[in-house]
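**Q** What follows is a single structure, and I will ask about it in a moment.
The values are calculated or read from the model by the stated rules, or taken from the named source; none is laboratory data. The structure displayed is predicted, hence computed values, not measured ones. Glycine gets a Cβ as well: all are built from the backbone with ideal geometry, and neighbour counts include every protein chain shown. Note: accessible area is taken over every heavy atom of the protein model, side chains too, but ligands, DNA and RNA are not part of it. Shrake-Rupley method; radii C 1.70, N 1.55, O 1.52, S 1.80 Å.
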Amino acid sequence: MSAPPLSFPAPPPPTPEFGADALIVCESLVRIYQSGPIEVQALQGLDLIVDSGEMVAVVGASGSGKSTLLSILAGIDAPTAGRARVDKWDLLGMSRTDRVRYRRKAVGFVRQQTASNLVPYLTARQMVDLPMTAARVATGVRRERSLELLRMLGVGDCADRRPGQLSGGQQQRVAIAVALANEPRVLFADEPTGELDTATSVEVFGAMRDVNRELGVTVVVVTHDPSVSGQVERTVAIRDGRTSSEVLRRTATADNGDTHVIAEEYAVMDRAGRVQIPRDYREALALTRRVRLALEPDHVTIRPDA
Ligand code: ADP
Ligand code: MG
């Protein structure tokens, strides 16, 4: 005798996909590293949305999961769970061939250690040429494009120098040119200014802003230096493998015509409605395990449970 037919409840009405219009979407991203008996949760359900054409800084203390996030987005590492999409590429379900294509064409990546981005025995021009050779770009196009990129990054005069003959800032500009060789839509840079002094670091950020504005490349740059939020319009903070807050900068015009920059900090609410209250707020009001929430006409209050 056959089993009675199962009846399924009606499916819930479709909700719009999280970040459907965004270029980069991470949703509840988890990355667990297993080293022997120890499990490290480098990402613990991270949500992030980046729109096409944005330049976003991701800041966080050492060990907060920044490099893990970028190596997943760059297609070098795979997440344990969650969803990650860049453009039309699904970073979880991608085949090996697609992964190679993605890394070669879709995204550019500047790694954390300055030296690992460059080849010691090649000139700047040869290094920018290399990824284009791998992508079978015609010789004439390659020559023109590598010079154009080096010029745009302010290192046109360094085209025939090898890494040893370049300053730290010049090396990073060349590394950015190399990352942009195959015209990716997105540039990922992991602490590109970590080994540079402040003035040089500001210059390298300026070069990335030019790339963002002039080439329309979406830029995601990771750093442990919170002061970079003064140099980008949007800064996302990650703490313990999760996005915790955002700072947005915008230019406001006063009645007398003066313009000034306003930076506002926002807490990030995840898909389940969770918000992290900063430690100094919690300490100031002794907020501990339980708090009182109240809905007001245009805001929500949080009070200590006393
Ligand atoms: P950040 O770049 O913000 O300094 P990482 O993404 O490098 O942080 O690391 C996040 C956490 O994951 C850290 O606790 C780190 O020790 C751990 N981790 C990173 N890579 C590995 C790995 N390959 N094996 C084990 N643990 C790792
Ligand atoms: Mg790192």
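**Q** Using Cα pairs closer than 8 Å and at least 6 residues apart in sequence, work out the relative contact order for the chain, in percent. Walk me through the intermediate numbers first.
**A** On the way: 533 pairs, mean separation 58.4, N = 306.
The value is 19 percent.
**Q** Next question, about the same structure. Using a simple spin-label model with points 7 Å from Cα along the Cα→Cβ vector, what separation in nm is obtained for R99 and A78?
**A** Using points 7 Å along Cα→Cβ, the separation is 0.5 nm.
**Q** What net charge is computed for the residues neighbouring V247, neighbours being all others with C-beta under 10 Å from the C-beta of V247, Lys and Arg scored +1, Asp and Glu -1? Write out the running numbers ahead of the final one.
**A** Numbers: positive: R234, R249; negative: E233, E246, E264, E265.
Local charge sum for V247: -2.
**Q** Under 13 Å from the Cβ of S52, count the other residues' Cβ atoms, weight Lys and Arg +1, Asp and Glu -1, and hand me the total. Spell out each step's value before the answer.
**A** Working: positive: R85, K88, R185; negative: D21, D51, E54, D87.
It works out to a net charge of -1.
**Q** Right, another one. Only Lys, Arg, Asp and Glu count, each charged at its Cβ (+1, +1, -1, -1), so figure out the dipole size of the chain about its Cα centre, rounded to 20 debye.
**A** On the way: 37 positive and 38 negative charges, 232 e Å.
It works out to roughly 1120 debye.
**Q** Still on this structure: What per residue convex hull volume, in Å³, do the alpha-carbon atoms of the chain yield?
**A** Details: hull volume 78.0 nm³, N = 306.
Once divided by residue count, the hull of the chain is 255 Å³.
**Q** Can you work out the accessible area per residue across the chain, with the rest of the protein chains kept in place, probe 1.4 Å, in square angstrom? Don't skip to the answer; put the middle values down first.
**A** Numbers: 17580 Å² over 306 residues.
The answer is 57 Å² per residue.
**Q** Of the heavy-atom accessible surface of the chain (probe 1.4 angstrom), what whole percent is carbon and sulfur? Walk me through the numbers before you get to the answer.
**A** Values: 9010 of 17580 Å².
After summing per-atom areas, the C and S share lands at 51 percent.
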